[in-house]
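Chemist: Could you have a look at this structure, given as structure tokens, before my questions?
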Amino acid sequence: MFENNPMMYQRTTSLPKKSGGLFAAALLASGLVSSFAGETEIKSTSEKSVIEKAPESNPLSFFDGKVVFDLQERFRWEIRENNFDFNSAVRSLTDDNWFLQRFRIGVMIKPAPWIKLYAQGQDSREINSDRPDIPGQLGAEGDDAFDLRQGYIEIGNTKEFPLSLKVGRQTLIYGDERLIGAFDWNNIGRTFDAAKLRWEAKDWWLDAFASTVVVPTRGKYDQSDFVNGTENHRAQVFSGLYFSTTAVSVQTTDLYVLHLHENDNPQYLPAVNGDTNFFTLGFRVKSTPGAFAPQPPAPAPDDKAVADGKSGPVPLPPKKPVGFDYDAEGAFQTGKVRGLDLTAFAVHGGIGYTFDVPWRPRLGVAYNYASGDSDPADNKIETFQNLFPTNHKFYGQMDVFAWQNMHDLEVSVKAQPLKSVSLKAEFHAFWLASNEDVWYRANGTTAVRPLNGLARNANTYAGSEVDFMARWNVTKNVALEAGYSHFFVGSYLKDTGAHDDADFGYVQATISF
């Protein structure tokens, strides 16, 4: 969630609107001439020739890995039509195309095995858009000039001792990022000023953390609520315990307890009756890749080794990442939100099957549910609080839904025609869990339509979305990605106002070292 900077700025960068699609196409074409591959060496023996690839080296690593730099440049072109108002009769500022550019540079210093220091800067720009380039305003990713994205010290070496501590500005990523994630699709992303303590054993680990989210602010240093850096007296503290284990060999099992505190803040008037203090208790399970794949037959022992009496047990070959897979997550919330009693929950479940044939196609189905409020006048809240997620990964590429007040039925197909190329298609059908609550966009705060008489009497079917995505890892350092989505409006939109279908498309290039 972004907070807006009230200051307005004049943009100094512009491109002709017609050039958007052509420039985006050039991003894909550029991959044809990109090459960062290592050299190969051919060794000849009396029996055969062996082709060996030269060992890869990191040109940004120095002093035997004690100082390592990292770089990323990402450029994305997007086009959106009717994504925000579902109204073709109005040419809004968000019916537009624009470019998103992001540059990151980091350095890791590791003077000893038990201590690591890391700092990362980031510069994010939104170019050629009609909407204001202010983070969060009219859905804008906005401009956030070069700023500190991460800066922390990590003490401990879990290979020698199970306890470690990380303190400073950092990302928090847990599970699949349904509740806590780095939000990397966004051009700015998400970090926290945090302290995290980890105890790590052979097949389990436990994190205890306390944090406050960093708020992107155009033209100012990005700060969190730590020592009231955001100057809003919110005093946000997000903390928790997160446990993960692979003791059950076929899956990863996670258990967590999270707590969010925010002061009774005048910024949220008139919807404030006290502090926010609530707990989230949850679980997550996810199958190990290939856990249910057929076991390949063991290779026959070497005849010469048997004759020499040197043969031993023949190891089984590794399983392929094929067969059935599954994942599930559930969370329950209780406490107070702005002084009102909170009782809410959310669930996710998915299952898939990957076929052991060329292209490795995977067919999957999933269901997502999150509770909504049943009576806005009863001084109680039943809307699930989505916390700090990466929703873009789960509920459609158009970002029209959060894990709040929703039903989502998903069918997906994935394929990999080449080792470096992956394809994906998704279908989502959406309903509101309650029409006494609003339809929440992916940021968890913006409503698609106001809660009025029309909305309360509307059919809860919101619509359906189809997404198509393709990714090409040109080299280990260069990746190209493209996608197209279409939203078919449902009865809820037809019952509450404008109801034209919406479209979204993008092309993205990423260079990383």
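Chemist: Going down the list Lys166/Lys336; Lys66/Lys476; Lys110/Lys159, which pairs span over 21 Å between their C-alpha atoms?
Modeler: Cα-Cα > 21 Å for Lys166/Lys336; Lys66/Lys476; rest within.
Chemist: Dipole size in debye (nearest 20) for the range 146-283 around its Cα centre, Lys and Arg Cβ +1, Asp and Glu Cβ -1?
Modeler: Here the range 146-283 has a charge dipole of around 220 debye.
Chemist: May I ask you to evaluate 6.51 cos²θ - 1.76 cosθ + 1.60, the Karplus curve with θ = phi - 60°, for each residue of the range 238-249 and list the ³J(HN,Hα) values in order in whole Hz, giving x for glycine and proline?
Modeler: Coupling constants for the range 238-249: 10, 9, x, 10, 10, 10, 9, 9, 10, 4, 7, 4 Hz.
Chemist: Would you kindly calculate the translational diffusion coefficient of the range 424-485, applying Stokes-Einstein with the Kirkwood radius from alpha carbon pairs, for 20 °C and a viscosity of 1.002 mPa s, and quote it in µm² s⁻¹ without decimals?
Modeler: The calculation lands on 149 µm²/s.
Chemist: With a cut-off of at most 12 other beta carbons within 10 Å, and DSSP calling the residue loop, which chymotrypsin sites (Phe, Trp or Tyr not before Pro) in the range 175-266 qualify? Please list them.
Modeler: Listed in order of number, the matching sites are Tyr221.
Chemist: Contact order normalised by length for the range 423-504, with contacts defined as Cα pairs under 8 Å and 6 or more residues apart; what percent is it?
Modeler: 29
Chemist: Something else: Can you pull out the trypsin sites (Lys or Arg not before Pro) in the range 77-164 that DSSP calls coil and that have at most 16 other Cβ atoms within 10 Å?
Modeler: Arg91, Lys159
Chemist: So what does the Cα-only Debye profile of the range 129-217 read at q = 0.17, 0.18, 0.25 Å⁻¹, as log10 I(q)/I(0), no solvent term?
Modeler: Debye intensities relative to I(0), on a log10 scale: -0.80, -0.87, -1.28.
Chemist: Report, in listed order, any pair from Lys286/Lys414; Lys286/Lys319; Lys320/Lys414; Lys319/Lys419; Lys393/Lys494 with a Cα-Cα distance greater than 21 Å.
Modeler: Cα-Cα > 21 Å for Lys393/Lys494; rest within.
Chemist: Here is a further query. Need one number: convex hull volume per residue for the range 199-292, Cα atoms only, in Å³.
Modeler: 156
Chemist: Using amide H atoms built 1.01 Å from N in the peptide plane, name the residues 5+ places from Gln251, or on other chains, whose amide H lies under 5 Å from its own.
Modeler: Thr288
Chemist: Further question: May I ask you to derive the relative contact order of the range 157-273, considering only C-alpha pairs under 8 Å and at least 6 residues apart, and to give it as an integer percent?
Modeler: Relative contact order comes out at 18 percent.
Chemist: Do any chymotrypsin sites (Phe, Trp or Tyr not before Pro) in the range 52-101 lie in a loop, going by DSSP, with at most 10 other beta-carbon atoms within 10 Å of their beta carbon, and if so which?
Modeler: Hits after loop and neighbour filter: Phe63.
Chemist: Over the range 330-397, one equal point on each Cα, no solvent: what is log10 I(q)/I(0) by the Debye formula at q = 0.12 Å⁻¹?
Modeler: Those come out to -0.47, one per q.
Chemist: Related question: Say R0 is 25 Å: what FRET efficiency, to the nearest 0.05, do Phe283 and Leu206 get from their beta-carbon distance?
Modeler: 0.95
Chemist: Something else now. Please compute the contact order of the range 79-220 in relative form: average sequence separation of alpha-carbon pairs under 8 Å and at least six residues apart, divided by the residue count, as a percent.
Modeler: 17
Chemist: I'd like to know which of Val411, Val400, Ser422 lies farthest towards the positive end of the charge dipole of the range 387-427, counting +1 on Cβ of Lys and Arg and -1 on Cβ of Asp and Glu.
Modeler: Ser422
Chemist: Can you work out the FRET efficiency for the pair Ala470 and Thr246, with r the C-beta to C-beta distance and R0 = 41 Å, to the nearest 0.05?
Modeler: The formula returns an efficiency of 0.80 here.
Chemist: Calculate the FRET efficiency for Leu117 and Asp378 from the Cβ-Cβ distance with a Förster distance of 51 Å, rounded to the nearest 0.05.
Modeler: Once the sixth-power term is evaluated, E becomes 0.50.
Chemist: Could you state the orientation-averaged shadow area of the convex hull built on the Cα atoms of the range 205-248, in nm² to one decimal?
Modeler: 4.3
Chemist: For the range 367-513, with only Lys/Arg (+1) and Asp/Glu (-1) charged at the beta-carbon, what is the dipole magnitude about the Cα centre, in debye rounded to 20?
Modeler: With only Lys, Arg, Asp and Glu charged at Cβ, the dipole is about 700 debye.
Only the coordinates and a few stated rules stand behind these numbers; no lab work does. Keep in mind that what you see is a predicted model, and the values were worked out from it rather than measured. Here the Cβ is made from the backbone with ideal geometry for all residues, glycine too, and neighbour counts use every protein chain on show.
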